[in-house]
Structures are given as structure tokens and as C-alpha cells.
Amino acid sequence: MTGLSLTERAECTKILRQMTHADLMSLSDTVTNKLIVVESSKEAMETILSFTKSAEELLKRKKVFRDLIFKYLAKEGIAMPTTSEKHVLIKRTLELWSSKKTNDCSSAMHESQGQRSDSRTRQYTETVPTDPGFDPQILGQQFCQWFFGLLNSQNPALGQERQKWGPEHFWPDAKFHLHARTCEEQVEEFAGADMVSLRLLALTHEERLIFSPNLDANGLKTLASPHGLVLVAVAGTIHRDVSCLGIFEQIFGLIKSPVDNNWKIKFINLKIRGQDSLKNKEMSAPTINYNSSDLQLLCS
């Protein structure tokens, strides 16, 4: 499962917004084989986008009618003959999205080569504590001990008492990006506290994975922005039963809630690499490859 790119998600959303509530609910059931129950059009759209393997697959769905694609292209300034068949409209749409992705990548590369303003980058070169004596590294260690202990407790193979897991640990608009390179490359995107919580739960409860973070200095890095966002980057190994499957790098974006004074998860980026793509040294001592500059870009 490769999943949609950010450009494809944005453009597919434009088409989905044209659909009726009934058609969205039906399409969500089709995409997930009725395994996920949604209650609103917004949830249905997010679920459809998250579980769609490719843009072409989505456009070919029966509920994505020919007229919807025709109207979308018209709004994008692309006039097609009114007699155009659906497969012709799909081909033109994919060509359009491919060109948009190329332009987006070019713009991103342009920024990374130094055109991002110096003042914006300098804003995060020094950690600004939210409280006297605040140490983001200590927060990162404590958070990782809590988070991975909680997540691993959901794995029935460990025989531990399951701790309370749910969307309450996340902000309502939380996002989760998963990039796994094992037998095949897999990219998944999830949004919303419920969806993020459920996908993470599936990693340990359904897929029986065990996460072992490296909380030494070379395995854990943190950065705090002046605006309250704390980034925690951690590396570690992934296991199933007695087998070591590979390593992971994970970045958390944390923001403290003013209501209950607890740190909640704003976003998670998880990168997994299978054992076949690693060297023995990487397996024995996984280290975090993100540097301060990478983390600063996530803050901005």
C-alpha cells in the first residue's frame, strides 16, 4: 500500500466534496470493507483518503462518477469535450496531478537550497523554555518511557495488563504519517485523534509489534519552539515475539493543554526500516538521523 501524496490528497478532497453524504458513506464502506464506521461526511472523506492505495484507484471507483471528474477539471481550467468517457477524464486528471507534484517538489527543493528566510529559521535556533527550569530533553525521556510503555502494553503477546489507550492522548486535529520500508514501501496518512489512535493501536494490538526506544543521547533529540511546540525525535528497534524486525525513527510534536496541563500529541512521523535494508551496526545501536535543522523546519 503506497497511499496518496500530499498533492493527490488535496486534489482528491476537491472531488470528494462534490459527492453526496450517502455516496461518501457508501464509498467509505467500500474502501475499508466496512471495518471502520464513520458518522459524518468529514470522517468519511478522511477515511477514504487514508485507506486509498492510489489516486487512480480512487478515481475508478463507481461512486466517483464521470460528471464529478468532468466538473473538477472544468474548475481547474481544463476544458474537456462533453462526450469524453470516464477513462479519458481520469487520464487527464492524473496528468494534471503529476505536473502539480513536480511543481511542488521543485518549490520544496528551492526552499531547502537557502531561500527560506533567515529570520524564520533563526527563530528556533535557541530553545525558549515555557517554564523556569524546563528541560525538553527530560520531557522527551519521560514522554518516551510513558508512550512506548503504554503502546506496548496493548500487545497481547506480552501478557501485560493493558493500560488505558485512546484519542484523549491526542489533539483533535492530530496527524500521523507512517513510512515503512520492509518487503515493499508503504506510506500512510491519518488525521484526527480517533483515526491516529486506532492506527497506532493496530501496530501493537493487531500486528503484535513491540517498540524498544533508544533513550541514550544518540537515540533521542528534542527541540522546543518559543510558541509551545516541543519536538521529540527518537530511534529504536522493532520486535515481534523474539525476532528483531528492524529499526524505527519517530518524531512527536507535543503541545501542552491549558485545560488539564498535560502534554498531548499534535503529530507523529514514523519511519520504519526492515532488517533486510540495514547493516548490523544500525541494528545494534539505532541512532536518530534527524539533526537540529531538520527539527527546526518541523517547528516552523
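From the phi angles alone, apply the Karplus equation (6.51, -1.76, 1.60; θ = phi - 60°) to the range 252-263 and give each ³J(HN,Hα) in whole Hz, x where the residue is Gly or Pro.
Each residue of the range 252-263 in turn: 10, x, 10, 9, 6, 7, x, 6, 10, 6, 9, 7 Hz.
Where nothing but the Cβ of Lys and Arg (+1) and of Asp and Glu (-1) is charged, how large is the charge dipole of the range 6-107 around its Cα centre, in debye to the nearest 20? Working shown, then result.
Working: 18 positive and 14 negative charges, 45 e Å.
The dipole of the range 6-107 has a size of about 220 debye.
Using only the alpha-carbon atoms of the range 6-107 as identical scatterers, what base-10 log of I(q)/I(0) does the Debye formula give at q = 0.13, 0.19 Å⁻¹?
Normalising to I(0) and taking log10 leaves -0.46, -0.93.
Once amide H atoms are placed 1.01 Å from N in the peptide plane, what residues at a sequence separation of 5 or more from L245, or on another chain, have their amide H within under 5 Å of its amide H?
I238, H239, R240
Which links in K42/K91; K42/K271; K63/K256; K91/K264; K100/K175 stretch past 32 Å when you go from one Cα to the other? Intermediate results must be reported in sequence, preceding the final value.
Numbers: K42/K91 27 Å; K42/K271 27 Å; K63/K256 42 Å; K91/K264 42 Å; K100/K175 23 Å.
Over 32 Å apart, Cα to Cα: K63/K256; K91/K264.
Hey, what's the Kirkwood Rh for the range 136-299 if you take every pair of different alpha carbons, in angstrom?
Working: mean 1/r = 0.0621 Å⁻¹.
This gives a value of 16.1 Å.
Take the alpha carbon atoms of the range 170-215, find their center, do the same for the range 6-43, and report the distance between the two centers in whole angstrom.
Taking the Cα centre of each part, the range 170-215 and the range 6-43 sit 21 Å apart.
Laboratory data are not the source of any read-out in this text; all were calculated from the coordinates shown. This is a predicted model, so every value here is computed, not measured. Note that each Cβ is placed from the backbone with ideal geometry, even for glycine, and that neighbours are counted across all protein chains shown.
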